[in-house]
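Asks: Okay, handing you the structure first.
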């Protein structure tokens, strides 16, 4: 049956009309991802009226193509101007922008585009292989397990903390605190809102990221009066640099592969959030690296890890959305609406009776990633020229783009105040060396941490951690953080022994 | 004498017919005026819910049909911030009452948020103008398929039940806690699940024992093997589940029982206009919308998009306005509902 579905999916996907429509979706996706003012979420929502009346076989791959590649476009602005095009691109700017400052924008973009496109394609292979076990696997995960998965993500705070672990933890704690603004999810009680209706919702991540990362950088750009690429002797970043970035993905294939696996797994788990995957992938890459101290200074592994996870999570998220109708992210929620709009009702039968359509969508993600990779690689050498533009011209453009992006994220004018607030915070965090990535990880996972904790406690009782699957995840967390120091310890011990013996 | 009486009756009949004709004529003239007013205009349909939600889907179904009927442009705008209250707040407090702004939201959320004084709720359901409430439906209680609870009696006997729900003060929570109160169930409601699908997934996995949802959505969950329907919480049996008893058949609660009110709350997709909108505009739009939502085209599209084979009665704007006023008149209703919610939630 799976083979039949695969053959049907393959024959559907080579339809020239569908390919043309998907290419259009890819172009729109890259464009909306590239512009922080629009974002993939808004782009997908804006396209909803366009699919009314279309056949599901045309409409759904078109929307998926648009959505799946918006992160590829979003990485470009993160790397070039420190503004993530979409929320999940926030992890890319930690190393992407410093690379640009070092004059390696082309290389960073090549690595980002290649890793996100290849990650997207590889995750489709994972999805096809794991279709039979995804549903039983997801059914094993209760709130307790979700809580420990979030804990696993939060434990990377220690990795993202930077040179001072105490300051890193403080920044992470502050991020957690800011994530609690708004309605408490299980009681509906508003917190830290000061009577403001605007603050009832959680603070918008795009506005927070633009404020925290882009605004201090803009102030710096304006006062420094030098181009973004600090290294004057560096080239603009032509084809050679971009190609170098592509080759980097194969040089650091382990980082890429682990990032893709992390992205796929987090994508499959409903309710963990789209922003979680790239941060966990980044933290994991840093933790496993032989030179973790170089992360954050502009190294290519710091771009490959989050970008490979970014697109990889989509194939996983699609499977869960199809099987359970539970969207893993805000965009998946819109896509879920699109399914109903064209008369498709998600359910496990999508992975049994409707396999043809499901495979068409999955293969559509792979094809869209190929298309996006080609388009973005062709565009990258031109985009990197922005790094050599004089700040007098660049400053107003980036400022307007950033502020419009913050406004468009939820169409709330007060998001501009959020940008300014976090801009000031970002400025002081830079000055006093508090880790902004640690803050962001705390902010992204804080709400989920609290949510799943209360659910686990209320649904499974105070001994919720005693479930076998929970114990396995706890063991995995311990192993992740114990193996490396243990290995280092034994290595040191084995080096010392011959000396003492001598 | 007899002749006089018959002459009088004939005269009265003529007068009545003439008056009726005059009313119909005046009405049609007013309708003609209104038709002229809306021709070529731009109407904004504010969806007080996110893109892709069920309210949004119904809004996207109605909008083009409304545009065609009015020969106008209908623009959809999602305003879902503040837990979905943004759009309703906007229509109630900021939008001009010029007849060109229509709001849309789940009807139950409109009055529950106000009655229970939800933080951020700025509207008054007694002052809004109503066009129609599309396909209001009560909820159906369901349990884990293959679990130990197979009958209502099993449910009543069970200890430490856990019900999954979405918003802590929303419609689902109100229905669940009302039902728990009426049936005297032992357990608690755990809210905060992100959507009815997530709540259903928790029940199907056995993480929670039970939950509630509209009949047509439950049909989908049942097809997926995620739910075992047990009881219609409304006053009457649900056409989607004609064999399931309604809660009124099981418990003997007084008609003004707050718990019965909470459990039996139906909710539809409510279309409304800003307070102060001219009555003739509201009446005209209500009339046009009524024809649309009872037409075959809408019926077919609605059933296809929500994935059901069941069609229920729509409610007119005037009927809903009456209901809204009655609810606001029950001064202690909100407090009593909150007390029941507090009692049964975790």
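A short reminder: the numbers here are calculations on the coordinates, not readings from a lab. Quick caveat: nothing in here was measured; it's all calculated off a predicted structure. FYI the Cβ positions are ideal-geometry reconstructions off the backbone, even for glycines, and counts take in every protein chain you see.
Asks: Using only DSSP helix segments of four residues or longer, with each worth -39500 (n - 2.57), what per-residue ellipticity at 222 nm results for chain A after dividing by its residue count and rounding to 500?
Replies: Numbers: 21 runs with 363 residues, N = 502.
Calculated mean residue ellipticity at 222 nm is -24500 deg cm²/dmol.
Asks: Taking neighbour Cβ counts within 10 Å as the exposure measure, how do A:209, A:418, A:17, B:143 sort from fewest upward? Before the final figure, lay out each step's value.
Replies: Working: A:209 33, A:418 22, A:17 9, B:143 26.
In order of increasing Cβ crowding within 10 Å: A:17, A:418, B:143, A:209.
Asks: With each pseudo-label sitting 7 Å past Cα toward Cβ, what's the residue B:330-residue A:463 distance in nm, one decimal?
Replies: 4.4 nm
Asks: Per-residue mean of other chain beta-carbon atoms within 10 angstrom of the beta-carbon, peptide B:75-84? It would help to have the intermediate numbers written out before the result.
Replies: On the way: counts 0, 2, 1, 4, 3, 3, 9, 10, 7, 1.
Per residue, the average neighbour count from other chains is 4.
Asks: Apply 1/(1 + (r/R0)^6) to the Cβ-Cβ distance of residue A:4 and residue A:382, taking R0 = 35 Å, and write down the FRET efficiency to the nearest 0.05. Before the final figure, lay out each step's value.
Replies: On the way: r = 44 Å, r/R0 = 1.27.
About 0.20, to the nearest 0.05.
Asks: Taking the beta-carbon count within 10 Å as an exposure proxy, list A:71, A:452 from fewest neighbours to most.
Replies: A:452, A:71
Asks: Let me ask something additional. Over all residues in A:200-208, what is the mean tally of Cβ atoms on other chains that come within 10 Å of each residue's Cβ?
Replies: Working: counts 8, 8, 0, 0, 1, 0, 0, 0, 0.
So the per-residue partner count for this stretch is 2.
Asks: Given just the C-alpha atoms of the stretch A:2-466, how large is their convex hull per residue in cubic angstrom? Intermediate values should be presented prior to the final figure.
Replies: Details: hull volume 64.6 nm³, N = 465.
Hull volume over Cα atoms, normalised by residue count, gives 139 Å³.
Asks: Gaussian network model of chain B, Cα springs within a sub-10 Å range: biggest mean-square fluctuation belongs to which of B:310, B:14, B:328?
Replies: Most flexible of the set in this elastic network: B:14.
Asks: Related question: Could you sort the peptides B:314-323, A:287-296 by per-residue average Cβ neighbour count (10 Å cutoff), highest mean leading?
Replies: Working: B:314-323: 17.6, A:287-296: 14.9.
Most protected by this proxy first, the peptides run B:314-323, A:287-296.
Asks: Where in the stretch A:281-314 does the amide nitrogen come within less than 11 Å of the point 7 Å from the Cα of residue A:251, taken along Cα to Cβ?
Replies: A:300-301, by backbone N distance to the label point.
Asks: Arranged from highest to lowest average of other beta-carbon atoms within 10 Å per residue, in what order do the peptides A:187-196, B:282-291 appear? Provide the component values of the computation, followed by the final result.
Replies: On the way: A:187-196: 14.0, B:282-291: 19.5.
Listed from highest to lowest mean packing, they are B:282-291, A:187-196.
Asks: Normalised by the residues of chain A, what does the relative contact order come to in percent, with Cα pairs under 8 Å and at least six apart?
Replies: Numbers: 975 pairs, mean separation 147.5, N = 502.
With pairs under 8 Å counted, the relative contact order is 29 percent.
Asks: I need the calculated FRET efficiency for the pair residue A:19 and residue B:98, taking r as the beta carbon distance and R₀ as 51 Å, to the nearest 0.05. Before the final figure, lay out the partial values.
Replies: Working: r = 47 Å, r/R0 = 0.92.
With R0 = 51 Å, the Cβ-Cβ based efficiency is 0.65.
Asks: Something else now. Just rank A:301, B:236, fewest to most, by other beta-carbon atoms within 10 angstrom. Don't skip to the end; give the middle numbers.
Replies: Details: A:301 24, B:236 13.
Neighbour counts put them in this order, fewest first: B:236, A:301.
Asks: Checking the a/c ratio against 1.5 first, then a/b against b/c, what shape does the Cα gyration tensor give for the stretch B:253-346?
Replies: Numbers: a/c = 2.75, a/b = 1.45, b/c = 1.89.
Oblate, since a/c reaches 1.5 and b/c is not below a/b.
Asks: Compute the helix-to-body angle for B:296-306: its Cα long axis versus the longest principal axis of chain B, expressed 0 to 90° and rounded to tens.
Replies: It works out to around 20 degrees.
Asks: Mind checking which of B:158, B:35, B:80 has the largest fluctuation in a GNM of chain B, springs on alpha carbons under 10 Å?
Replies: Among B:158, B:35, B:80, the largest mean-square fluctuation in the Gaussian network model of chain B belongs to B:158.
Asks: Additional query: Taking each residue of A:142-148 in turn, how many C-beta atoms of other protein chains fall within 10 Å of its C-beta, and what is the average?
Replies: Partner Cβ neighbours, averaged per residue: 2.
Asks: Here's a follow-up. Distance in nm between label sites at residue A:189 and residue A:474, each 7 Å beyond Cα in the beta-carbon direction?
Replies: 2.8 nm
Asks: For the protein assembly as shown, compute the orientation-averaged projected area of the C-alpha convex hull (one quarter of its surface), in nm². Mind dumping the intermediate values first?
Replies: Values: hull surface 173.1 nm².
In nm², the orientation-averaged hull projection of the protein assembly as shown is 43.3.
Asks: Cut-off 10 angstrom, C-alpha nodes, Gaussian network model of chain B. Which of B:193, B:16, B:163 fluctuates the most?
Replies: Checking each option, the largest mean-square fluctuation is seen for B:16.
Asks: Something else: Provide the descending list of Cα extents for the stretch A:253-387 along its principal axes, expressed in whole angstroms.
Replies: Taking max minus min along each principal axis of the Cα atoms, the stretch A:253-387 gives 49, 34, 23 Å.
Asks: Put a dot 7 Å past each Cα toward the Cβ at residue B:36 and residue A:226; how far apart are the dots in nm?
Replies: Roughly 7.2 nm, to one decimal.
Asks: Mind checking the full-extension length gain between residue A:133 and residue A:411? Use 0.36 nm per residue of separation minus the Cα-Cα distance, one decimal, nm.
Replies: Details: separation 278, 0.36 × 278 = 100.08 nm, distance 4.01 nm.
Net length gain for the segment: 96.1 nm.
Asks: Say R0 is 35 Å: what FRET efficiency, to the nearest 0.05, do residue A:390 and residue A:432 get from their beta-carbon distance? Could the numbers behind the result be given before it?
Replies: On the way: r = 30 Å, r/R0 = 0.86.
Approximately 0.70, to the nearest 0.05.
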